[in-house]
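Input: a single structure, listed below in structure tokens.
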Amino acid sequence: MYFTFFIGPAGSGKTTLTHALADWIQNASKEISVACVNLDPGVRWLPYDPDVDVRDYVDYDKIMADYNLGPNGALVAATDMIVTHLNEIRDEIRDTRADYVFVDTPGQIELFSFRVAGPRIAKGLGGKKSAICFLFDPVLASEPTGFISTLLLSSAVEYRFFLPHFNLLAKSDMLTEPKVDEIVEWSEDFYKLSEAIEEKTEGMEREKTLNMARVLNEMGNISSLIPVSSKAVLGLDNLYAELQRTFAGGEDFETED
């Protein structure tokens, strides 16, 4: 049982990708089972029927009323409360006997990634048999400064969890093919990224962006982006291959008897 946590800014497409990748794998192989877990206590609607739903354990609306909290405060409290139900959630996930478990994290990235609860939940559910998929917003990543800003956020998440980490260019169908190729090239060729920064920025913005890019490059945080699109069903095979490589050494997943 291998866990993949989908993390990214609000609106980056975590929920639709969770659904799309699960469907794609199950259609590609009838021998591989996938369970989808919703960890967002405040979500009102999902495009998939979660196999495990945190809303069965944490009542966002009741928390808001009982503690006289606003929407954001209630989400913080509800997400932190997930930890108190971790054993029950873990047992319910294990009962699915799924080969892959895809975890759809809260829409607001800070609720899961930048509070104590997030890493504790990841460790408690999947432990070392886990990976992080971080979603890049395609519009923000289209400019070098936005690309570096998103890379900084991705790096912060990576250092919060210390798990295998994949950067995905989400909703890539929103961009032209040449633009997708350009962004992917920035992630693979530091010279091309530096060249784009020099061309499209100036003054202090250019200096700071170049310095930050150099630091990230030296630390090994600039890694190849995987373009994906839930809507157009693009790149899911490449993402699955990377997960297979990480979890099973590149071999086909072998189900347990």
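Worth pointing out:
- Qualifying residue in the range 223-234 (condition: closer than 19 Å to Leu153 by Cβ, surrounded by fewer than 18 Cβ atoms within 10 Å (Cβ to Cβ) and touching a strand residue (DSSP E or B) at 6+ places or on another chain (Cβ under 9 Å)): yes
- Members of the range 1-22 found to be over 23 Å from Thr150 (Cβ atoms) and under 17 Å from the mean Cα position of the chain (by Cα), listed by number: Tyr2, Phe3, Ala22
- Residue ID - farthest from Arg245 (Cα to Cα), chosen from residues in the range 46-83 that are within 23 Å of the chain's Cα centre (by Cα) and among the hydroxyl-bearing types (Ser, Thr, Tyr): Tyr60
- Among residues of the range 170-196, those that are on the phi < 0 side of the Ramachandran plot, in contact with a Gly (Cβ under 8 Å, 6 or more places away or on another chain) and of a type outside the set (S, T, N, Q), counted: 1
- The numbered conditions (1) in contact with a Pro (Cβ under 9 Å, 6 or more places away or on another chain); (2) on the phi > 0 side of the Ramachandran plot; (3) not small (Gly, Ala, Ser) are all true for Asn68 except (1).
- Residues being in a helix (DSSP H, G or I) and either over 13 Å from Phe147 (Cα atoms) or modelled with pLDDT of 95 or more (or both) - total across the range 198-210: 8
- Pairs where the first residue, in the range 50-66, is within 13 Å of Asp104 (Cα to Cα) and the second is among the aliphatic types (A, V, I, L, M) and surrounded by fewer than 18 Cβ atoms within 10 Å (Cβ to Cβ), C-beta under 8 Å, 6+ apart: Arg55/Val43
- The residues of the range 82-100 that are closer than 21 Å to Val43 by Cβ and without any contact (Cβ under 8 Å) to a residue 24 or more places away in the chain amount to a single one, Thr84.
- Extreme residue, farthest from Ala22 (Cα to Cα), among residues of the range 43-83 that are among the small types (Gly, Ala, Ser) and in a helix (DSSP H, G or I): Ala65
- In the range 91-124, the qualifying residues are those that are of a type in the set (S, T, N, Q) and part of a helix (DSSP H, G or I), and the one that is nearest to the chain's Cα centre (by Cα) is Ser113.
- Consider the range 107-155 and keep the residues that are of a type in the set (Val, Ile, Thr) and in contact with a strand residue (DSSP E or B) (Cβ under 7 Å, 6 or more places away or on another chain). The one that is nearest to Val76 (Cα to Cα) is Ile109.
- Residue match in the range 163-176 (condition: surrounded by 13 or more Cβ atoms within 10 Å (Cβ to Cβ), over 17 Å from the mean Cα position of the chain (by Cα), within 30 Å of Glu31 (Cα to Cα) and among the charged types (D, E, K, R)): yes
- The range 14-31: number of residues that are more than 16 Å from Trp45 (Cβ to Cβ), assigned to a helix (DSSP H, G or I) and of a type in the set (D, E, K, R): 1
The values are calculated or read from the model by the stated rules, or taken from the named source; none is laboratory data. Since we're looking at a predicted model, the values are computed, not measured. Neighbour counts run over all protein chains shown; Cβ positions are idealised from the backbone, glycine included.
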